[in-house]
Structures are given as C-alpha cells and as structure tokens.
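The values are calculated or read from the model by the stated rules, or taken from the named source; none is laboratory data. As the structure is a computational prediction, the values presented were derived from the model and not from experiment. Every residue, glycine among them, receives a Cβ derived from its backbone with ideal geometry; neighbour counts consider all protein chains shown. We work out accessible area using only protein heavy atoms, side chains counted, and drop any ligands, DNA or RNA first. Shrake-Rupley method; radii C 1.70, N 1.55, O 1.52, S 1.80 Å.
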Amino acid sequence: MNDGPGVIPLTSALYDSEGMRALDAAGMALPEIVPGELMERAGAALLAAVRAHWPAVRRLGILCGPGNNGGDGYVLARLAAQAGLDVRLHGGPSRARPESDGRQAHRRWIEHGGATAPLEAFDPADAELWVDCLFGIGLERPLHDAYGEVVERLNASGRPVLAADIPSGVNADTGAVPGPAVRARLTVTMIADKLGLRTGAGVDCAGSVEVARLDLPEQIARGVMPRARHLGPEGWRARLPARRPGAHKGDAGHVLVVGGAPGFSGAARLTALAALRAGAGRVTLATHEDHAAWANADRPEIMVRAVRAPADLLRLARQVDVIAAGPGLGTEEWGRRLWHAVADAGVPLVVDADALNLLAATPRQMDSWVLTPHPGEAGRLLNRPASEVEADRPAAVLELAQRFGGVSLLKGAGTLVADADPDVGGGPLTCVTGGHAGMAVPGSGDVLTGIIVALRAQGLEARAAAEIGAAWHCAAGQVLRARLGSWRGLLAGELADALPAAAGEEGA
C-alpha cells in the first residue's frame with residue numbers, strides 16, 4: 001500500500017517563500033479582500049496573541065522593518081494603542097512604494113498620533129514585551145547591519161519576544177540562521193506554516209509556533225505546492241500497522257539487526273530492543289562472537305547469533321523480512337565484510353551509523369532501503385561538511401534520496417524525509433516534529449532505526465515507515481519526559497521502553 005497523501009491540506013502543509021507569496025497573492029485576489037485587509041488581520045492576530053500569552057503586559061515594544069512585515073507592526077501598534085496599551089515603536093526607513101500596504105499602515109499609525117523612534121534609540125528595558133516585525137520571509141541576507149545590532153541587543157536582554165510571521169534572520173526556506181536572528185518565545189506565522197520554522201536552527205529561534213489563518217479559505221492553496229507536509233505529535237497513530245485478533249508472531253515479520261563490533265555491543269542491542277517494542281514479530285541480533293553469548297542476558301526475547309564471516313550472515317538473511325545494518329558495526333574488516341554482504345543480500349534495509357560511513361566510502365544505489373543519517377553522516381555521504389548540510393537541510397535530504405535511491409531520513413531538529421521518486425513516494429518532503437532536546441543522547445538514533453525496521457517488517461512501505469517511525473520516536477520522548485518530570489537524564493533504553501505507551505490504544 002502506498003501512503004502518499006494526495007492533496008495536502010493547508011493545515012498540514014509547510015511552505016517556502018515562493019509558495020507563501022503565491023498564497024498571499026491568492027488571498028489578496030479574493031473579491032472580499034480590500035487593499036490592506038490582510039495586513040489589518042495580521043495586526044489583529046498579533047494583538048490577540050499578546051493578550052492570550054502576556055495578558056498582564058502594559059508596555060508593548062514593537063520593532064518595525066522597511067517592508068510589509070513592518071506594516072504588520074504598524075497595524076499592531078495602532079490597535080494596541082487603541083486598546084489602551086503603552087506602545088513604544090522603533091523602525092528604520094521604509095523602502096516600500098508609497099502606495100504599498102506597509103506604507104499605508106505607517107501613515108495610519110502616524111495619523112492616530114503614533115510616533116516612530118529610530119533604531120539607534122532602541123532600549124530593551126523600555127517595554128515588558130517586544131514584537132519582532134523587522135523582516136519576514138523575503139530576507140535572504142545575514143543581518144550584519146543596524147538591524148543585526150538591534151537583534152543582538154534584544155536577545156541579550158532576556159525580554160520576551162513575539163515574532164511576526166518568522167523571527168527576523170531565519171531563512172524561511174531552509175531554517176538556516178546565517179547571522180544574528182531573533183530568539184522568540186512565540187511566533188505567530190501568517191496564513192500558513194513555513195518549513196524554516198520547523199527544521200534546522202530556525203527551531204531554536206521560533207519558540208512555540210501558532211498559525212494565524214487570517215480567516216482565509218482553504219481554496220487559496222489550490223494549485224500551490226507546499227515544500228513539505230508536516231507530521232507532528234498527532235496524526236500518525238492511525239497509520240500504525242493493524243493486527244488482527246487471531247494474529248501470530250509470524251504475521252509481524254522477522255527483523256535482523258547487524259552490528260555490534262567488539263566494544264560496541266550496546267547500539268545493536270538498543271536497535272533490537274526498539275524493534276521488539278515497536279511490534280516486530282521476531283528479532284535476531286547478528287553480532288560479534290566476543291559478546292554474542294551474553295548480548296541478550298537482560299532481554300531473552302532477542303535471538304542472538306554470533307557472526308564470524310559473510311557466509312554466516314547470508315544464511316540468516318535468507319530467513320528474515322528486513323535488515324537493520326550499522327549500529328555499532330564499526331568500519332574495520334569485520335564490519336566492512338558484513339556490510340557488503342547485507343548490501344548484496346537482496347533484503348530491504350534500514351541503514352544507519354557505521355553502515356552509512358561504509359556506504360559513503362563505496363557508494364551504491366538501492367530502491368528498497370531507508371537511509372537514516374545525522375548531519376555528520378549526511379555530510380560524508382555527500383562529500384561536504386556537516387555545516388553545509390545544516391545550512392540547507394531540505395536540499396541535502398533530497399540530494400541524498402536522489403543520489404542513493406530509496407528513502408532518506410535526515411535526523412535533527414525537524415527530521416526530514418524524502419523519496420528518490422516523489423511521484424511514487426507521495427510528493428514533497430515530510431517534516432516530523434515533536435521531539436525535545438533531551439532526546440539528543442547516545443543511542444537515540446539506534447532506537448529510531450529499530451522502530452523503522454519493525455514497521456517495515458510489519459508491512460509498511462519504506463517512506464511510510466520512516467515518517468511514522470520518526471513521529472513515534474518523538475512521541476516516546478514526550479512520554480518519557482512526562483514520566484521523569486524533566487527532559488534531563490533521558491536514556492535511550494528508556495525511550496525504547498516508552499514506545500508502547502506513546503502508541504496508545506489508537507494504534508492497537
């Protein structure tokens with residue numbers, strides 16, 4: 001079964017700047033929308049957010065830029081002053097056309113008695129809350145000028161910040177932050193969500209994200225392809241593999257985990273445990289003979305086989321439905337020989353860790369595998385620094401899928417999934433969110449590999465297994481944080497054990 005989404009609803013779509021300009025134009029072309037109406041609605045949405053999240057604020061500061069993002073700020077300033085708030089507004093010279101909505105919003109602010117102080121006079125202490133209306137989705141350069149200095153002063157002050165549409169300095173297309181960028185506690189983004197708010201360094205700047213639809217109908221999205229679809233904490237459980245009442249373990253597939261060089265047994269054991277917790281019918285761990293005798297001492301449910309040579313592994317591969325290769329595999333002779341054996345075995349693969357590094361050394365393509373690199377591993381696969389991968393995560397994951405075939409999953413804040421053939425795999429990227437910083441611990445990626453390989457064993461296609469596996473992984477992290485009362489101190493083994501609770505009854 002193909003899990004392609006067909007038409008992506010506006011509520012789960014993530015757009016880049018080109019797509020947002022098309023949506024904005026479609027909204028303004030509606031017969032009921034008069035000039036300046038969308039900007040008025042944006043300003044009203046910002047004021048509603050101030051009241052909802054900071055109801056005690058009386059001194060409101062607003063930073064306005066030279067374009068339409070600044071226009072939203074001028075509307076907010078007028079509405080806030082009319083509501084009785086003490087408004088302090090700072091702005092730079094406008095570069096907009098005199099007839100533009102932004103210039104008209106500035107004019108109405110002045111006509112209502114408002115004043116605009118220069119950026120040079122900005123003092124974060126002048127307001128209890130600041131609203132960032134400096135730059136929106138059109139910014140394509142680092143903020144290394146007077147605006148950048150204001151942003152750095154604002155961040156250093158510790159004052160809470162509400163960002164309008166996107167924090168100034170964040171690239172809306174990639175989530176990259178090439179220079180100073182506002183660090184907001186809340187971002188109210190207009191009309192539709194942006195990919196740059198959900199992946200990469202943009203996640204650190206956006207804080208919580210709320211979408212203000214501005215009362216526009218879903219029809220404005222017709223014919224406008226989003227850059228990605230968003231898969232958050234909800235919306236994935238119904239896609240978990242069903243199990244009939246009379247099922248037996250053979251119905252849920254047989255997983256083979258290949259890894260665990262001497263001194264690195266833990267990673268492969270975590271993958272095997274996660275595969276069991278994610279519902280695989282049987283899990284066999286093929287590992288080095290040095291520790292095979294005790295590798296399942298604390299988890300007798302895992303079948304363990306010592307593997308000395310590729311021939312041993314190929315005999316096991318003929319008995320299984322899917323293989324997870326790489327956790328703790330190493331890149332020495334033992335690991336290299338096993339990697340080449342499983343890559344030639346003709347069994348669907350989930351490739352992680354050292355197997356990715358071995359793939360980088362000897363590239364090949366396969367339609368049936370899922371690659372699960374972190375940015376460093378992705379950089380080795382693409383022969384570039386990890387920093388370049390992080391600078392454009394969407395482009396990197398697409399290049400991985402096209403270069404190596406199958407499905408690629410790029411780990412990190414806002415995990416991205418891409419298919420080598422988007423027409424078959426379901427269209428644009430998928431961005432999976434809902435994790436937290438406490439999940440950045442040793443073994444967390446090994447658990448993710450175990451989830452994905454278990455879903456493959458239970459019959460899901462590669463892309464669906466990658467997407468749902470990443471979402472389930474994030475949900476388990478949320479369950480564990482609630483259990484521990486903190487995100488600190490989370491262990492990967494506990495993350496695997498939290499998978500059943502994260503799935504809930506809906507996935508039964």
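Some observations on this one:
- Residue match in region 93-107 (condition: buried (at least 17 other Cβ atoms within 10 Å of the Cβ), in contact with a Gly (Cβ under 9 Å, 6 or more places away or on another chain) and under 15 Å from residue 59 (Cα atoms)): no
- Test: residue in region 183-191 that is part of a loop (DSSP other than H, G, I, E, B), in contact (Cβ under 8 Å) with a residue 40 or more places away in the chain, touching a helix residue (DSSP H, G or I) at 6+ places or on another chain (Cβ under 7 Å) and within 27 Å of residue 388 (Cα to Cα): yes
- Selection of region 60-83 for residues being surrounded by fewer than 22 Cβ atoms within 10 Å (Cβ to Cβ), in contact with a Lys or Arg (Cβ under 9 Å, 6 or more places away or on another chain) and within 16 Å of residue 112 (Cα to Cα) yields only 83.
- Among residues of region 487-498 that are closer than 11 Å to residue 439 by Cα and without any contact (Cβ under 8 Å) to a residue 24 or more places away in the chain, none has a Cβ under 8 angstrom from a residue that is open to solvent by 60 Å² or more (accessible area, probe 1.4 Å) and not in a helix (DSSP H, G or I) at a sequence gap of 6+ or on a separate chain.
- Among the residues of region 462-497, the ones that are within 15 Å of residue 372 (Cα to Cα) and either more than 21 Å from the chain's Cα centre (by Cα) or acidic (Asp, Glu) (or both) come to 1 in all.
- Any hit, region 12-27, residues being under 24 Å from the mean Cα position of the chain (by Cα), touching a residue at least 40 places away in the same chain (Cβ under 8 Å) and part of a loop (DSSP other than H, G, I, E, B): yes
- Where strands (runs of 3 or more DSSP E) fall wholly inside region 362-450, the ranges with 3 or more residues that are without any contact (Cβ under 8 Å) to a residue 60 or more places away in the chain and buried (at least 24 other Cβ atoms within 10 Å of the Cβ) are 407-410, 415-419.
- Only listed residue being more than 20 Å from residue 91 (Cβ to Cβ), touching a residue at least 40 places away in the same chain (Cβ under 8 Å) and of a type in the set (Asp, Glu), chosen from 165, 173, 126: 173
- Flag if residue 345 is crowded, with 18+ Cβ neighbours inside 10 Å, within 24 Å of the chain's Cα centre (by Cα) and not hydroxyl-bearing (Ser, Thr, Tyr): no
- Every condition in (1) closer than 24 Å to residue 492 by Cβ; (2) in contact (Cβ under 8 Å) with a residue 40 or more places away in the chain is met by residue 349 except one, and the failing one is (2).
- Residue 213 closer than 26 Å to residue 474 by Cα and either over 20 Å from the mean Cα position of the chain (by Cα) or surrounded by fewer than 21 Cβ atoms within 10 Å (Cβ to Cβ) (or both): no
- Exactly one residue among 16, 24, 86 is open to solvent by 10 Å² or more (accessible area, probe 1.4 Å), acidic (Asp, Glu) and touching a Gly at 6+ places or on another chain (Cβ under 8 Å), and that residue is 16.
- Output for region 147-168, where each listed residue is open to solvent by 10 Å² or more (accessible area, probe 1.4 Å) and either closer than 23 Å to residue 53 by Cβ or assigned to a loop (DSSP other than H, G, I, E, B) (or both): 153, 155, 156, 157, 158, 159, 160, 165
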